[in-house]
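> First the structure, which I've put down as structure tokens, then a few questions once you've had a look.
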Amino acid sequence: MNIERIHHVAYRCKDAKKTVQWYEQHLQMKFVLAIAENQVPSTKAPDPYMHVFLDAGQGNVLAFFELPNAPEMGRDTNTPEWVQHIAFKVASVQDLESTRARLQAAGIEVIGPTDHTLFKSIYFFDLNGHRLELATDIGTPEMYRKLDEVKWDMLDEWSQTRRAPQHAAWMHQRELQPGTH
């Protein structure tokens, strides 16, 4: 088997129409499909829903379910909210910064840009409480090569110690090295 791409990633929303409008307005995602049923196709349970699909670029689709008969939506409270997020790639630091300014002008609180050495990103929440990240790559081929060389060693060490391996400590010491920014 060969996985071609992600067909879609689905999350829950409070209001399908407002969610579509929010993503169209703030992230310029196109609304591509709506499916509504009174019965869940896989389980045959009688549970009406609206399932909406948005174009996340390059064949990627972000989908949402509105479930009017389900208890109020929440999140996994045992996992920090910074872990639970959807990250979207943008083309440049300029795109990242202009989007940040647009979001802030719309009253949306934005964290960042945050420099992750390989990429820069901003973070914010959608109207449903889902944390979103916009990221743009800034790493060099050499950086990716160095990380590729140590990925299994890092994972093996982590599996044994549950402590951050130092194989790529250079990523956090860039500010101290001449000529790196």
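> Rank the residues GLU109, GLU4 as a footprinting-exposure proxy: fewest other Cβ atoms within 10 Å of their Cβ go first. Spell out each step's value before the answer.
On the way: GLU109 9, GLU4 6.
Taking fewest neighbouring Cβ atoms as first place, the list is GLU4, GLU109.
> Sort TYR49, TYR144 by Cβ crowding within 10 Å, fewest neighbours at the top.
Values: TYR49 18, TYR144 12.
Final ranking by Cβ density, sparse to dense: TYR144, TYR49.
> Separate question: Nearest 5 percent is fine: what portion of the DSSP beta bridges confined to the stretch 1-69 is antiparallel? Working shown, then result.
On the way: 13 of 18 bridges.
The antiparallel proportion sits near 70 percent.
> Once you have the Cα-Cα distance between ILE35 and LYS146, take 0.36 nm times their residue separation minus that, and quote the gain in nm to one decimal.
On the way: separation 111, 0.36 × 111 = 39.96 nm, distance 4.51 nm.
Gain on extension, ILE35 to LYS146, equals 35.4 nm.
> I'd like the antiparallel share, as a percent to the nearest 5, of DSSP beta bridges with both residues in the chain. All intermediate terms of the calculation are to be shown ahead of the outcome.
Values: 23 of 33 bridges.
Counting only bridges with both partners in the chain, antiparallel ones make up about 70 percent.
> So, one more: Past 27 Å, Cα to Cα, is the threshold; run LYS14/LYS44; LYS30/LYS151; LYS18/LYS120; LYS30/LYS120; LYS120/LYS151; LYS44/LYS89 against it and keep the listed order. All intermediate terms of the calculation are to be shown ahead of the outcome.
Values: LYS14/LYS44 23 Å; LYS30/LYS151 36 Å; LYS18/LYS120 29 Å; LYS30/LYS120 25 Å; LYS120/LYS151 21 Å; LYS44/LYS89 37 Å.
Result: LYS30/LYS151; LYS18/LYS120; LYS44/LYS89 exceed 27 Å.
> Taking the Cα centre of the chain as the origin and placing charges on Cβ (Lys, Arg +1; Asp, Glu -1), which of TRP170, ALA63, VAL9 is farthest toward the positive end of the dipole?
ALA63
> For the charge dipole of the chain, defined by +1 on Lys and Arg C-beta atoms and -1 on Asp and Glu C-beta atoms about the Cα centroid, which residue among TYR49, ALA101, SER159 has the Cα displaced farthest towards the positive pole?
Result: TYR49.
> While we're here: Report, in debye and to the nearest 20, how large the dipole of the chain comes out about its Cα centre when Lys and Arg carry +1 and Asp and Glu carry -1 on their Cβ.
160 debye
> Could I ask something else about it? I'd like the Kirkwood hydrodynamic radius of the stretch 1-69, using the inverse of the mean 1/r over distinct C-alpha pairs, in Å. If you can, show how the numbers build up before the last one.
Values: mean 1/r = 0.0780 Å⁻¹.
After inverting the pairwise mean of 1/r, the radius is 12.8 Å.
> Relative contact order for the chain: what is it in percent, counting Cα pairs under 8 Å that are at least 6 residues apart?
Working: 247 pairs, mean separation 28.2, N = 181.
Relative contact order, the chain: 16 percent.
> Still on this structure, please answer the following. Alpha carbon centre of the stretch 115-177 versus the stretch 1-42: separation in Å?
29 Å
> Same structure again: Counting Lys +1, Arg +1, Asp -1, Glu -1, what net charge surrounds LYS18 among other residues with beta carbon under 13 Å of its beta carbon? Write down the numbers at each step before the final one.
Values: positive: LYS14, LYS17; negative: ASP15, GLU24, GLU66, ASP126.
It works out to a net charge of -2.
> Nearest 0.05, what FRET efficiency do SER159 and GLN58 give at R0 = 41 Å with Cβ-Cβ as r? Write down the numbers at each step before the final one.
On the way: r = 33 Å, r/R0 = 0.79.
Efficiency, from the Cβ-Cβ distance: 0.80.
> Rounded, prolate or oblate for the stretch 74-152? Axes are the square roots of the Cα gyration tensor eigenvalues, ordered a ≥ b ≥ c, and the cut-off for rounded is a/c under 1.5.
Working: a/c = 3.29, a/b = 1.35, b/c = 2.44.
Oblate.
> Sort HIS116, HIS167, HIS7 so the one with the fewest other Cβ atoms within 10 Å of its own Cβ comes first.
On the way: HIS116 14, HIS167 17, HIS7 11.
Lowest count first: HIS7, HIS116, HIS167.
> Count charges around PHE124 for me, please; just the other residues with Cβ under 13 Å from its Cβ, Lys/Arg as +1, Asp/Glu as -1. Walk me through the numbers on the way to the answer.
On the way: positive: ARG100, ARG102, ARG131; negative: GLU81, GLU109, ASP126, GLU133.
Once all neighbours under 13 Å are counted, the net charge is -1.
> I need the calculated FRET efficiency for the pair GLN166 and GLU72, taking r as the beta carbon distance and R₀ as 35 Å, to the nearest 0.05. Intermediate results must be reported in sequence, preceding the final value.
Details: r = 44 Å, r/R0 = 1.25.
Here the calculated transfer efficiency is 0.20.
> Among all the aspartates and glutamates, which ones have a C-alpha under 13 Å from LYS17's C-alpha, if same-chain residues fewer than 8 places away are not counted?
GLU66
Any read-out appearing in this document is the output of simple, stated calculations on the displayed coordinates, not a laboratory observation. These numbers come from a predicted model, not from an experiment. Glycine also receives a Cβ, built like all others from the backbone with ideal geometry; neighbour counts cover every protein chain displayed.
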